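Written out below as structure tokens is the structure these notes cover.
The values are calculated or read from the model by the stated rules, or taken from the named source; none is laboratory data. Treat the numbers as computed from the prediction; the structure is a model and nothing was measured. Methodologically, a virtual Cβ is constructed for each residue, glycine included, from the backbone with ideal geometry; neighbour enumeration extends over all protein chains shown. Remember, those area values only see protein heavy atoms, side chains included, never the ligands or the DNA or RNA. Shrake-Rupley method; radii C 1.70, N 1.55, O 1.52, S 1.80 Å.
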Amino acid sequence: MSDREEREPLITPALPANRSGGYGTGENARDAMSKFVVNNVAGESGRKLPQYIAGLAASGGALAAGTFLGWTAPTDKPLTEKGEYGFPISDEAFSWIGSISNLGAAMMCFPIGYMMKVIGRKWSMLSMVLPLVLGWLLIIFAENVAMMMVGRFFLGVGGGAFCVAAPTYTAEIAQPSIRGTLGTFFQLMVTVGILFVYAVGAGVDVQVLSIICGVIPLAFGVIFFFMPESPYYFVEKGRYSEASSSLKWLRGAQYDEAAEIEDLKQADEKVKAEAIPMLVAFRQKATIRALIISLGLMLFQQLSGINAVIFYNSAIFASANGGNEMSSASIIVGGIQVVATLLASAVVDKVGRRILLLVSDFMMAVSTIMLAVYFQLKQDDPSKVDDLSWLAVLAVCLFIAMFSIGYGPVPWLMVGELFANNVKTFASPIAGVFNWLLAFLVTKVFTNLKDAMGEAGVFWLFSGISLLGTVFVFVMVPETKGKSLNDIQRLLAGEKLSTEQNGTEAREDEREPPIA
């Protein structure tokens, strides 16, 4: 069994889906706005294709983030055992190389929000090409462990910023009828990036893989340079003619944008009028409960055992293959994640957030119990598991699928929904920092936990945590599907909602305006 497979979280902590707009957006952009203007010339509400193009272009940053998240999987053994770079890299050093990117991402949660307000969403994302390219250059030409660590830190800075900025931009450019679809692009492109680096890494050496990964942010920069700025940013700055030009690009030259700009103005005025100090916000019952729920979901997401399962996936697949290494193990896992993410995007607005979290966490507990039993039997007598390798493989695949359909994306979706507009800009990044720091901690100390408790002990621990997470969701987490922002705040404050208020259609005047 290999002691080193990978130490980087497979899932980026900033995973938006459907109504989520990232750290500071939620069900934002223009859900608070009135019905969209009918195109006076064509009799339609504007073209959708330009919005898809801009959304996909922005999601190129997610592809770049996915590559750095998945990079540790195919590079562990070549760096630590084969010495491809010509200098020694110990297990401990590689654990730092894998985990330090999380610190870089955590560091960007607050600054990127400020940057988006000052220089705009578009230029904030374009500026992140610099740390991404610098990070890959340091890794490509690394002459020691320190260069690799600094390079990984810069990758975390760029990738973490995209996890905030790209969903915000996508939510603000899209019309309501396609915002859910565009909102899935980011999560999907992250998983595609991870799968891409798994597949390419199986056939090339570490340096070539890093060069290929380094080209992706450059390609993103070239493509995204030609995309428009968010019209909401221009309205924030009082640059209404530029907001008009942006909407013309996104909706088509024949689109009558006047009413939409007026709605954007009203939404911006409302956000500014409702602004309150942070200390005042955190004295509100609804905000306190929203923060507890958000941090709790982040805690159970990162302590679910995702890193442990990914860590052992190649070893488990090798065991099922008679001890032979399976280069396709990580590719299979990445493929399962992409498919499950697509499924989550399709069902989250139909079955609800709460049920997905409950099913996801409970089935993850079942999966890690299966793995704990497998490793316990193998520890006692390896011959006992000769005919049970299929069970371990099934457990890994089931765990990845269940995580990706529930506890991977849904916590971030709910962070965007739970906080009120006037506290979202500083409350949501707290959840982001907490998640990235937990990712760093779990990634860094997993090897120490394994040495102290054994493989079976670690998986027993994770199964217990997942069961606690299931109880937490059942007791603490409300269903937010179909509820307006006002109804969610009233629910968190302890009020009971009437049947009409609990319906699936939010009243137009209660919907959430955009937050940068």
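General remarks:
- Highest-first arrangement of 121-134, 59-72, 187-200, where packing means the average Cβ count within 10 Å: 59-72, 187-200, 121-134
- For region 323-405, size of Cβ-based charge dipole, Lys and Arg +1, Asp and Glu -1, in debye: 420
- Maximal additional length on extending the VAL445-TYR52 stretch stands at 137.4 nm, based on 0.36 nm per residue less the C-alpha distance.
- When only the Cβ of Lys, Arg, Asp and Glu is charged (+1, +1, -1, -1), the dipole of region 194-254 relative to its Cα centre reaches about 280 debye.
- Of LYS117/LYS265; LYS424/LYS483; LYS48/LYS270; LYS117/LYS424; LYS122/LYS483, those spanning more than 19 Å from alpha-carbon to alpha-carbon: LYS48/LYS270; LYS122/LYS483
- When the charge dipole of region 79-166 is built from unit charges on Cβ atoms (+1 for Lys and Arg, -1 for Asp and Glu) and taken about the Cα centre, the candidate among ALA161, GLY113, GLY83 whose Cα reaches farthest toward its positive end is GLY113.
- Surface composition of region 324-433: carbon plus sulfur atoms contribute 70% of the solvent-accessible area (1.4 Å probe, protein chains only, all chains present).
- Per-peptide average of other Cβ atoms within 10 Å, ordering 257-267, 229-239 highest first: 229-239, 257-267
- Distance from region 68-135 to region 348-388 (C-alpha centre basis), Å: 30
- Positive contributions from Lys and Arg (+1) and negative ones from Asp and Glu (-1), summed over other residues with Cβ under 13 Å from the Cβ of GLU269, come out at -2.
- Considering only VAL445, LEU356, ALA401, and ranking their Cα positions along the charge dipole of region 318-470 that arises from unit charges at the beta-carbon of Lys, Arg, Asp and Glu, the one farthest toward the positive end is LEU356.
- Projecting the Cα atoms of GLY221, ALA267, ALA243 onto the charge dipole of region 198-286 (Cβ charges, centred on the Cα centre) puts ALA267 farthest toward the positive pole.
- Taking only the C-alpha atoms of region 77-204, the Rg (one decimal) and the largest Cα-Cα distance, Dmax (whole number), read 16.9, 54 Å.
- Taking N as its residue count, the alpha carbon Rg of region 374-446 over 2.2 N^0.38 Å: 1.69
- Estimated from the Cβ-Cβ distance and a Förster radius of 25 angstrom, the FRET efficiency linking PHE225 and TYR114 is about 0.65.
- Computed label-point distance, nm, for sites LEU343 and LYS82 using a 7 Å Cα→Cβ extension: 3.4
- Dipole in debye (nearest 20) - region 324-471, about Cα centre, beta carbon charges: Lys, Arg +1; Asp, Glu -1: 560
- Two-site FRET efficiency, VAL471 against LYS285, from Cβ-Cβ distance with R₀ of 22 Å, rounded to 0.05: 0.50
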